[in-house]
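Some notes on the structure that comes next.
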Amino acid sequence: MIVRRLRAKRNWSQEQLADFSGLSVRTIQRVENGQKASLETLKCIAAVFEVEVSTLTEGITVIDKNSEDWQRLPWWFKGNL
């Protein structure tokens, strides 16, 4: 996973990346494992690594919470992401 490689290249722990990006360690773990990530999450990580969001999207599903498709999903489904 690209996020793991970028983090390892800088010798950062998941905790450090979480601190630098303002995200939780659990979110970093999910992204590194290729699970779904919101566009907001990817923007935070991309900013820390100074890369484009598109660089981070290989192998993960991006969720745009501002899209109409997201808005139409039931609340219980969104709560599980």
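The values are calculated or read from the model by the stated rules, or taken from the named source; none is laboratory data. Worth saying up front: this structure is predicted, and the values here are computed from it rather than measured. Backbone-built Cβ (ideal geometry, glycine too); neighbour counts: all protein chains shown. All accessible areas refer to the heavy atoms of the entire protein, side chains included, with ligands and DNA or RNA removed. Shrake-Rupley method; radii C 1.70, N 1.55, O 1.52, S 1.80 Å.
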List every residue pair whose Cβ atoms lie under 9 Å apart, where the two residues are 6 or more positions apart in sequence or sit on different chains, the first residue falls within the range 4-32 and is at positive phi, and the second residue, located anywhere, is open to solvent by 40 Å² or more (accessible area, probe 1.4 Å).
GLY22/CYS44
Which pairs have Cβ atoms under 7 Å, sit 6 or more apart or on different chains, and link a residue in the range 38-52 that is farther than 13 Å from ILE2 by Cα to one that is crowded, with 17+ Cβ neighbours inside 10 Å and among the hydroxyl-bearing types (Ser, Thr, Tyr)?
THR41/THR27; CYS44/SER21; VAL48/SER21
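Show me the helices (runs of 4 or more DSSP H) entirely contained within the range 13-81 in which 2 or more residues are open to solvent by 90 Å² or more (accessible area, probe 1.4 Å) and modelled with pLDDT of 95 or more.
Details: elements: 14-21, 25-32, 39-49, 53-56, 68-72, 75-78.
It comes to 14-21.
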